[in-house]
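The values are calculated or read from the model by the stated rules, or taken from the named source; none is laboratory data. Model, not experiment: these values are computed from the prediction. Every residue, glycine as well, gets a Cβ built from its backbone with ideal geometry; the counts of neighbours run over all protein chains shown. Heavy atoms of the whole protein, side chains included, go into the accessibility calculation; ligands, DNA and RNA do not. Shrake-Rupley method; radii C 1.70, N 1.55, O 1.52, S 1.80 Å.
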Amino acid sequence: MKVKVALVGHPNVGKSVIFNNLTGLNAVVSNYPGTTVEVYRGSVKWKGHAIELVDTPGTYSMTPATQAEGVTRKLILEERPDVIVHVVDATSIRRHLYLTLELLEAGVPLVLAVNQIDRAEALGINISREELERLLGVPVVMCAAVEGRGMEALLDGIIEAYKRGPPASPKYSRDLEEYLRLVEASLKEGLPPELRRFSRLIAKHVVLGDEEFGDLARLVPPRLRAELPKYGKRLALERAARADGIYERAVDAGRAKHLRLSKIDYVSVNPVFGVAVMAALTLAITYGLLGLIHEIGHRIPSALYYNFYEPFVRSLVEGVAPRGLIHDVLVGERAGIYGSLGLLTTGVFFVFFMILPTILVLYLILGVLEDSGLLPRIAISFHRPLRRVGLSGDAAMPLVTGTGCSIVGVLSTRILRGDKERIIASFLQVLGIPCMAQQVMIWHILGRHGPLYVLALYILLLSVTVAMGFILNRAMPGESAVLLLELPPWRRPQLRNLLKKTYARVASFLRTGAPLVFLGILLANLAYYTGAIAAIAELLSPVMSGLLRLPSETCVALIVSVLRKDVAVGVLGRYELTPLQTLTAIAVVTLSFPCVGSFVILLSEFGVKRTLKVVALMLAASLTVGSLLGLLSTLIA
Ligand SMILES: Nc1nc2c(ncn2[C@@H]2O[C@H](COP(=O)(O)OP(=O)(O)OP(=O)(O)O)[C@@H](O)[C@H]2O)c(=O)[nH]1
Ligand SMILES: [Mg+2]
């Protein structure tokens, strides 16, 4: 028998850990709300049943406030799972039971998975499984997913719920139930056939004033419609009271050690001190560590490359094709990383000897930050400054994710409330936050002139990003963002999870990024080989040398930047540029367009029109900054 099961629940409760445990797959797990923003699917065989599991983005209620939450509701309504597993956090179960009731009322077989009982036990919180089962009328399973505890019981619970069929919906007071019945009856005809099964649930959403079903409210006869707000309030209050009642009876947290804020929490959420400490910390992480890792991650791989790899490959290729197109494409016409642009020399060096070792370490560090619970605390202290640019502290997580790769970062903006905040957060990261691979290159190319230039570049990019944020915040209609971030508990990062996550991220770079690196290098190489570069350079010369004060030929970096910005920065290594020119070129490359990967994701998330606006703004920013730096070059010279 095939059983389709959806894992649903608040963010950060452990849905993805359960999903991974059961399916053996690797959905990303992190200790902050909003890790999962897309639906993941997997399957498991259990006692003769083929269970198809769906991991969903965390949602606080069945009335979505964010894109990510919308994904979950859509899944429930449109895919109609056979069983819903509601995963809750045992240490804060009171806050979750409202959603349990909502899910019960959806009329889909339900299992309650009370997860993280290891923490609840440590805190002295006692939860009666039997009492919860009795009060809710659905199977209840206690688990500690990180320890693999309760997974078999969960599978049994799923099968049992499936066999039992839809649970009884909780009954509210008589007149409310009667009102709901009338509203349901008036809507039923107007519902598309596939939604009729959810007519009671949808009636409740109409009563609650859910915008998504606003059109349906018009089907309600005027006499009833006038009472919608009154009964909406009643429904919410009665549901909350019911949830509280269940909690009081099933949970004993009387002698629990309170989940107190630790000292560091006070520091990190303090508006003045917090920002200062956290800003320093953030800068230290991005700047200091990158510099340090550059040293360590660079020396050994470089030695290996120059002493063993390069001579070997070059002699091999020269034995087969001593010169000509094939020779130049594979190992470049000249020796040296930046002179050659060969696929087997420059390409392999960039990907395997330079970017790979560094991002490996950086992703490990990012993983520790994510899993410890530190990052969301940083996010909170950034709430006030971020408000100035139309964002909230919630946007800090997608922005941090964007320092890895903005493809992932833009997707993460789905956890934000409101379109305005989503667009600004996406735009700012494709504009001013270089991806990890590009940062590695920046250290190589600009770092040659000294770390101060790298710092200057970061400050410049930050200023442009902030300025753009100010402008967008003023120019775009929409309310200012509110902070609703939930602080996750402090946790000791688990090595296994760190390694898995890092592996997945690095593998994703190798799968989707690396081929583009090679393509970019090939493109640049052919541009030189065929002489096309001279023609393009002449065409672009008024901008390149006139405005930006760069050798016209560096336009190849701009062209390649459409594919990969790390390669674009790398190509600059070929030229004899002054430090200021290098800085100018990198700033222009960074600011000018999104790379092809980010472009595609912007298109799919925001559509053609808004994406083109983003590109136009980026070009404008890049030309402005480039010309100012060009002017500075002239003044200095
Ligand atoms: N102590 C403990 N930690 C757990 C348990 N289950 C999950 N965690 C931790 O809780 C955090 C969140 O886990 P995820 O699986 O990413 O949570 P999620 O529900 O998928 O969260 P979103 O994707 O944001 O909706 C991670 O740091 C996990 O290691 C558990 O049973 N015990
Ligand atoms: Mg998840």
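Per-structure values
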quantity	calculated
Residue (of 243, 193, 221) at the positive-pole extreme of region 174-252, dipole from beta-carbon charges	221
Relative contact order, percent, the chain [alpha-carbon distance under 8 Å, six or more residues apart]	11 percent
Residue order for 490, 46 - accessible surface, 1.4 angstrom probe, largest first	490, 46
Dipole magnitude of region 174-252 about its Cα centre (Cβ charges: Lys, Arg +1; Asp, Glu -1), debye to nearest 20	260 debye
Relative packing of peptides 372-381, 452-461, 64-73 - highest average C-beta neighbours within 10 Å first	372-381, 64-73, 452-461
Restraint check, 4/45; 2/163; 15/420; 2/500; 15/233, Cα-Cα greater than 20 Å	15/420; 2/500; 15/233
Values of log10 I(q)/I(0), in the order q = 0.15, 0.16, 0.17, 0.19 Å⁻¹, for region 174-252 under a Debye, Cα-only, solvent-free model	-0.54, -0.59, -0.65, -0.77
Positive-end extreme of charge dipole, the chain - chosen from 158, 504, 518 (charges on Cβ)	158
Between helix 356-372 and the chain: long-axis angle, C-alpha atoms, 0 to 90°, nearest 10	30 degrees
Cα-Cα separations in region 119-180 greater than 16 Å, expressed as whole percent	61 percent
Leading residue at positive end of dipole, the chain (Cβ point charges), from 611, 87, 365	87
Long-range amide H partners of residue 417 with built H, under 5 Å	none
Of all accessible heavy-atom area on the chain, the percent that carbon and sulfur account for (1.4 Å)	63 percent
Cα-based helix-to-principal-axis angle, 514-529 vs the chain, degrees rounded to 10	30 degrees
Region 174-190 versus region 563-609: alpha-carbon centroid distance in Å	57 Å
Accessible-area ranking of 383, 96, largest first, probe 1.4 Å	383, 96
Listed peptides 566-575, 302-311, 315-324, 17-26 by packing density, highest first (mean Cβ within 10 Å)	566-575, 17-26, 302-311, 315-324
Compactness relative to 2.2 N^0.38 Å, alpha carbon Rg of region 2-164	0.93
Region 2-164: relative contact order as a whole-number percent, Cα under 8 Å and 6+ apart	23 percent
Student exercise, the chain dipole from Lys, Arg, Asp, Glu Cβ charges, in Debye to nearest 20	700 debye
P(r) histogram, all alpha-carbon pairs of region 508-637 included - 10 Å bins from 0, percent	13, 40, 34, 12, 1
Residue-level accessible surface for residue 426, protein heavy atoms, 1.4 Å, Å²	0 Å²
For residue 32, solvent-accessible area (1.4 Å; no DNA, RNA or ligand), Å²	20 Å²
Directionally averaged shadow of region 99-223, computed from the convex hull of its alpha-carbon atoms, nm²	9.9 nm²
Rg over Rh, two decimals, the chain (C-alpha only, Kirkwood Rh)	1.03
